[in-house]
Structures are given as C-alpha cells and as structure tokens.
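The values are calculated or read from the model by the stated rules, or taken from the named source; none is laboratory data. These figures come from a predicted structure and were not determined experimentally. Ideal geometry is used to build each Cβ from the backbone, glycine not excepted, and the neighbour counts take in all protein chains shown. Please note that ligands, DNA and RNA were not included when accessible areas were found on the heavy atoms of the full protein model with its side chains. Shrake-Rupley method; radii C 1.70, N 1.55, O 1.52, S 1.80 Å.
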Amino acid sequence: MKISVIGLGKLGLCTAVCCARAGYETWGMDIRCEHIAMLEKGEMPFYEAGLEEEFKANRSRLNLTTDIAEAVRDSDISLIIVPTPSGEDGAFRNDYVESVLESMAPDLSEKNDFHVVDVVSTVMPGSCEGQFRPLLEKLTGKKIGADIGLAYNPEFIAIGSVIHNFLNPDLLLIGESDPVTGDMLEKMYSELCDNKPHIGRTSLVNAEIAKLSINCYCTMKISFANNLAALCERMDGADAAGIAGIIGKDSRIGEKYIKPGLGFGGPCFPRDNEAFINFINRVDGYAGLQQAVIDINNDQPERVVERILEAAPENAKIALLGQAYKPQTYLTERSQALDIAKTLAARGGYAELRVFDPLAKEEGPWTLSRSLDECVTDADIAAILTPWPEFFDSDWHSYLAEGGKILDLWK
C-alpha cells in the first residue's frame with residue numbers, strides 16, 4: 001500500500017514521517033507553499049521531539065507536494081489531518097475536511113482501485129454518516145463501502161510526544177464503513193506500530209463518540225484529583241497527592257491523570273469537553289457531569305494565585321516556573337500556567353514577577369528570564385506551574401532568597 005497524508009500540521013507531519021519510517025511510500029500534502037518549501041530544505045516548521053531526526057532518516061520515502069491530485073492518485077489510503085476549529089457553540093466545524101473531500105473527489109472518481117478515505121481529524125458525532133458519506137458519493141458517483149472506503153480513525157497523542165504516542169498507542173480506534181476498509185487500516189497500523197495495541201474496530205458513529213468520550217473521561221479524572229486537593233487543603237494533615245497515589249492503584253481507576261496539579265489546557269482537552277457538551281445537548285442528555293469537570297478546571301488558576309499571594313511576603317520577588325500547558329512543548333494555548341502569570345500581573349502587590357520556561361517564551365508584563373537559575377535568584381517564592389523534570393531537581397533551591405519558599409503545584 002501507498003499512503004497520502006493530507007495536512008502537514010503538528011500531527012499530520014509526524015504521521016507522514018512515521019508512515020515513511022514503516023517503509024511505506026508516502027505522500028505528504030499541504031496547500032501552504034511556504035510550509036512545503038521549508039520541508040524541502042529539511043527545515044522543521046515547528047518543534048516536536050524526535051521529528052527532525054525521523055524526517056531526515058526517512059526522507060527518501062516521503063514525497064512532498066501541494067498537489068492533492070498527485071497525492072490521491074498515487075496512494076491507496078488518504079489520511080485527512082486538517083483543523084476542525086470550534087464554533088461559538090463548542091461544536092467542531094467540518095469546513096476544512098469537506099474542502100479536502102471536494103478537492104479529492106475528481107481523482108477518486110477516476111480511480112479504478114479501491115481507495116480508503118480516512119478522517120483522522122476530530123469531528124462531531126454524526127459527521128461521517130451525515131455529511132462525509134453523502135458528499136463523497138454525490139461528488140464521485142461511487143458507493144461508499146463498495147467503491148470507496150470511509151473511515152474515522154482519530155489518534156490519541158499528546159503534543160511533545162506525538163511520535164512516541166503514534167508508534168506506541170494503547171488503542172487503535174478504527175471506525176469503518178466496511179470490513180475491507182478496516183482490514184486495510186489494520187494492516188497499515190500493524191506495520192506502523194512498534195507495539196501490539198488493542199484494535200477497536202467499530203462503526204463510524206461509535207468511533208466518533210468514543211474519541212470524545214475517552215478524552216473527556218481523562219479530564220474528569222484530572223478535575224476529580226484537583227477537587228480532592230481543594231478538599232484536602234481544608235483538612236489538617238491531609239495529602240491529596242498521597243491519596244491520589246493510593247486510589248490510582250485500584251485497577252478500576254488507574255494511575256493515569258489522577259494526580260493533583262494545574263488543570264488541563266492545550267489545543268484538545270478543553271475544546272473536546274465543550275464539543276462533548278454540545279453533543280449531549282443535541283441529544284437532550286445530561287451535561288451536568290461534564291460541566292462540573294469544566295467548572296472545577298476553570299477554578300484552578302484563581303486558587304493557585306491565592307496560594308501564591310498568601311505565601312509571598314510583602315514586596316516579594318515571585319518566580320513562576322513554566323508557561324507551556326504541559327512539558328516538552330512550546331504551546332501555551334489555554335495554558336493555566338500562562339493564565340496564572342497574567343492574573344498575577346494584573347493583580348499586583350509584589351515587587352517583581354519573573355517567568356521561565358525551557359521552550360515557551362510568551363512576553364507580557366513580567367520579566368522573561370533566560371534560565372532557571374536567573375529566574376529564581378533572590379526570589380522569595382518560586383511556584384512550579386508546568387511540571388518540567390528540571391524543575392523538580394534541587395540544584396536551584398540555593399539561589400532563592402533567604403527564607404524563600406517553593407510552591408510545588410504537583411505535590
């Protein structure tokens with residue numbers, strides 16, 4: 001099989017590189033000419049751990065193009081990985097996906113071989129059957145399931161570890177229009193993955209609901225742990241981190257995501273919750289549980305700001321460690337670490353506010369430090385906001401002011 005990846009953003013480019021790594025002849029297509037020009041020169045348009053090394057190692061099997069006709073014509077499976085931005089009501093919009101399908105249609109209609117159209121972008125439940133299937137059948141004159149395969153195959157990855165997550169998934173979720181489509185994707189992933197993940201093959205709509213459900217369940221665990229922390233702060237001697245470590249050992253619960261800290265942020269979790277609530281409301285369901293997850297999450301920055309100001313002496317020098325929404329990335333989209341810095345800057349009542357992050361460099365009404373040591377030198381309080389590993393080393397503690405305090409939001 002030959003594979004085309006339509007859309008070379010943060011997930012798409014990594015996916016194309018991993019396909020080439022597995023030995024597949026791969027076409028990476030993007031409409032942004034400058035994006036392709038950078039890649040042709042071997043320059044990465046963004047940072048992602050391991051991407052540049054894998055790109056260079058597998059470049060010979062990766063064909064770059066701005067021509068979707070070439071990508072579709074010369075491949076058997078097309079992975080569509082384009083943005084599905086959120087509307088004002090929280091629902092994902094399918095404009096970009098539909099635009100890709102419309103561009104693919106002329107070449108799909110001329111192909112004699114069975115071609116799989118695999119939507120990887122996160123979409124609202126009902127999109128594949130309600131919008132993508134009728135659109136493809138109308139534009140190509142072909143029948144989904146007989147002449148063309150349609151799949152919904154979302155990934156479960158985290159920015160900063162995309163390649164590792166892609167190659168070592170816990171679960172492969174394949175929503176399929178027909179068994180042949182599912183077989184082709186299962187075969188493709190059997191060559192791609194370094195591990196042997198569980199493969200969940202199901203209907204298109206089941207896969208759409210499952211994708212949102214998994215991410216929203218993860219955030220429910222995060223908010224549960226943070227609500228537990230808020231309760232433990234009101235009880236002398238209670239330790240939320242210790243309690244979370246115990247309950248995570250129960251196999252019915254599991255250790256992942258059940259850890260007190262800042263709330264969830266980034267480009268996926270917040271908007272997935274908003275989209276899930278939109279879906280619940282569409283089918284007249286109960287959205288109270290998911291709304292509580294969001295409410296608890298939104299309360300976290302203010303709680304942390306209060307803790308920092310309570311611990312800081314008068315005219316304090318405050319050091320905030322972290323800006324990115326998680327370690328191993330420069331992204332600050334809906335980052336609670338950045339929200340805390342902005343709230344403190346607006347609140348005032350201290351002598352100086354410094355910020356440091358190994359990758360994120362957002363400027364604002366604070367001093368952006370060049371190093372960890374520079375940020376914490378003579379600081380009266382240092383708050384660990386983003387759990388970068390280096391922040392948990394003790395080497396920098398001696399740089400604090402005499403009597404300086406460390407506020408570890410992750411313990």
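Structure values in brief
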quantity	calculated
Lone qualifier among ASP395, ASP378 - being over 28 Å from the mean Cα position of the chain (by Cα) and farther than 22 Å from PRO313 by Cβ	ASP395
Candidate set: the stretch 164-193, residues that are open to solvent by 30 Å² or more (accessible area, probe 1.4 Å), in contact (Cβ under 8 Å) with a residue 12 or more places away in the chain and farther than 20 Å from VAL123 by Cβ; chosen: the one farthest from the chain's Cα centre (by Cα)	VAL180
Yes/no for PRO106 being at pLDDT 95 or above, open to solvent by 10 Å² or more (accessible area, probe 1.4 Å) and within 20 Å of ILE214 (Cβ to Cβ)	no
Index of the failed condition, GLU98 passing every other in (1) closer than 24 Å to LEU135 by Cα; (2) surrounded by fewer than 21 Cβ atoms within 10 Å (Cβ to Cβ); (3) touching a strand residue (DSSP E or B) at 6+ places or on another chain (Cβ under 7 Å)	(3)
Checklist (1) open to solvent by 30 Å² or more (accessible area, probe 1.4 Å); (2) part of a helix (DSSP H, G or I); (3) closer than 28 Å to ASP113 by Cα applied to ARG201, failing item	(2)
Subset of the stretch 229-288 that is open to solvent by 30 Å² or more (accessible area, probe 1.4 Å), more than 24 Å from the chain's Cα centre (by Cα) and among the aliphatic types (A, V, I, L, M) - its residue that is farthest from ARG307 (Cα to Cα)	VAL283
Members of the stretch 45-78 that are open to solvent by less than 10 Å² (accessible area, probe 1.4 Å), touching a residue at least 60 places away in the same chain (Cβ under 8 Å) and more than 18 Å from the chain's Cα centre (by Cα)	ALA71, VAL72, SER75, ILE77, SER78
Number of the condition not met by SER398 [criteria: (1) assigned to a loop (DSSP other than H, G, I, E, B); (2) open to solvent by 20 Å² or more (accessible area, probe 1.4 Å); (3) of a type in the set (S, T, N, Q)]	(1)
ALA146 vs. criteria in contact with a helix residue (DSSP H, G or I) (Cβ under 7 Å, 6 or more places away or on another chain) and either open to solvent by 10 Å² or more (accessible area, probe 1.4 Å) or outside any helix (DSSP H, G or I) (or both)	no
Single condition GLU363 does not satisfy, out of (1) loosely packed, with under 15 Cβ neighbours inside 10 Å; (2) acidic (Asp, Glu); (3) over 30 Å from ILE163 (Cβ atoms)	(3)
Subset of the stretch 83-140 (residues that are more than 28 Å from the chain's Cα centre (by Cα), charged (D, E, K, R) and part of a helix (DSSP H, G or I))	ASP107, GLU110, GLU137, LYS138
Close pairs from the stretch 97-112: first touching a residue at least 24 places away in the same chain (Cβ under 8 Å) and closer than 12 Å to ASP74 by Cα, partner assigned to a helix (DSSP H, G or I) and open to solvent by 50 Å² or more (accessible area, probe 1.4 Å), Cβ under 7 Å, at least 6 apart	ASP107/ARG73
